[in-house]
Amino acid sequence: MRVPTPVDDQCLHRIAFGDRPGEPVPPARPGDTPYSRWLRAVALGAQGWYASARVVLDSVLVSVPSHHPVHALALATRASLLRQLGDHAAAAPLDGRAFVAVSSTPRGPVDRAARCDALTGLAADALGCGRLELADRLLARTQAELTVDLGPRDGLARARIRLHWVRAEVALARGQFGSAAEDAATALGAAREFGSVRHVAKSRLLAAAALTGTSHAAAASAGEEVLELCDEHHLMPLAWAAAMLVAGVSSDTARAARAERMRRDYERVLARRGGRFRR
């Protein structure tokens with residue numbers, strides 16, 4: 001049986017969290033580790049292959065003990081896919097299970113990353129259900145988890161980016177556009193240092209959304225730039241969100257109509273890939 005090499009995980013990592021998000025995701029191989037399979041699922045989900053991502057995540061969940069951090073990562077990722085499709089209420093129990101799975105595990109980098117994924121996921125779930133104060137408390141717990149610094153290579157860069165994403169989203173929900181812009185800018189700087197095109201794209205999308213508090217024209221222009229970046233790298237779920245933003249804020253009728261056509265096209269493709277949005 002073939003045992004995955006570090007090169008295999010490196011390839012998957014560059015698609016999931018690095019500089020090659022649009023590359024075809026390598027198929028499963030005999031002997032793939034649970035972590036490799038999780039990376040594959042993340043990469044598939046980022047490109048909008050929802051059904052395929054769910055199949056891979058389910059294979060992790062049935063083969064990895066519930067107290068294992070990769071089990072928790074898989075649950076949190078499953079929840080993230082539901083949130084992307086608008087089902088925050090269904091995502092919350094999965095994030096809760098993810099947190100319970102690693103709430104008493106050692107405080108190594110992978111365990112802490114899994115806890116942070118679960119906590120930020122729960123905060124995003126609470127936000128989606130209109131429970132902003134609960135989101136605040138969960139984000140505070142995430143911040144506490146991240147205060148124990150294990151050094152620049154502690155493996156928690158992604159967790160810190162996600163924390164600022166959800167902070168920005170909570171601020172947007174409250175109409176606090178300045179705070180949202182600050183968190184989006186912090187996330188963008190961290191994403192660039194992390195080296196993830198996808199994380200840069202989402203951070204820029206949040207920055208564009210924050211601009212709606214001061215200039216819809218600027219927000220539409222920034223959103224179009226994000227749309228082009230996502231389209232170039234086949235990040236279809238983010239491209240869908242960027243197109244929705246541009247269509248919603250642009251005062252240019254032709255620009256708004258073009259963005260709306262693109263949003264509908266993305267939605268149709270995502271539906272064929274197993275991603276049906278909750279209305």
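The values are calculated or read from the model by the stated rules, or taken from the named source; none is laboratory data. No experiment lies behind these values; they were computed from the predicted model shown. Don't worry about glycine lacking a Cβ; one is built from the backbone with ideal geometry, like all the others, and counts go over all protein chains shown.
Please go through the stretch 218-255 and pick out each residue that is more than 30 Å from ALA53 (Cα to Cα) and free of Cβ contacts under 8 Å to residues at least 12 places away in the same chain.
ALA218, SER221, THR253, ALA254
Do we have any residue at all in the stretch 206-222 that's out of contact with any strand residue (DSSP E or B) (no Cβ under 9 Å at 6 or more places or on another chain) and closer than 30 Å to GLN10 by Cβ?
yes
How do the pairs read when you match residues in the stretch 43-57 that are under 15 Å from ALA241 (Cβ atoms) and touching a residue at least 12 places away in the same chain (Cβ under 8 Å) with residues anywhere that are in a helix (DSSP H, G or I) and of a type in the set (Ser, Thr, Tyr), using Cβ under 7 Å and keeping only pairs 6 or more apart or on different chains?
GLY45/THR77
Would you tally the residues in the stretch 61-72 being over 17 Å from the mean Cα position of the chain (by Cα) and assigned to a helix (DSSP H, G or I)?
Of the residues in that region, 5 qualify.
Please specify each residue of the stretch 30-60 satisfying the condition of being crowded, with 20+ Cβ neighbours inside 10 Å, of a type in the set (A, V, I, L, M, F, W, C) and in a helix (DSSP H, G or I).
Of everything in the stretch 30-60, those that are crowded, with 20+ Cβ neighbours inside 10 Å, of a type in the set (A, V, I, L, M, F, W, C) and in a helix (DSSP H, G or I) turn out to be TRP38, LEU39, ALA41, VAL42, ALA43, LEU44, ALA46, ALA53, VAL56, LEU57, VAL60.
Can you say whether GLY248 is more than 24 Å from SER203 (Cβ to Cβ) and not polar (S, T, N, Q), as far as the supplied structure shows?
On the way: more than 24 Å from SER203 (Cβ to Cβ): no; not polar (S, T, N, Q): yes.
Considered against the rule, which asks whether it is more than 24 Å from SER203 (Cβ to Cβ) and not polar (S, T, N, Q), GLY248 comes out as no.
Looking only at the stretch 128-163, how many residues end up being modelled with pLDDT of 95 or more and at positive phi?
Final tally of qualifying residues: 1.
Name the residues in the stretch 155-209 that are closer than 18 Å to ALA43 by Cα and of a type in the set (A, V, I, L, M), would you?
Correct list: ALA157, ALA159, ILE161, ALA191, VAL197, VAL200, ALA201.
Only one of VAL226, VAL249, VAL200, VAL269 is surrounded by fewer than 19 Cβ atoms within 10 Å (Cβ to Cβ) and aliphatic (A, V, I, L, M); which?
VAL269
Tally time: how many residues in the stretch 220-279 are within 18 Å of the chain's Cα centre (by Cα) and among the aliphatic types (A, V, I, L, M)?
13
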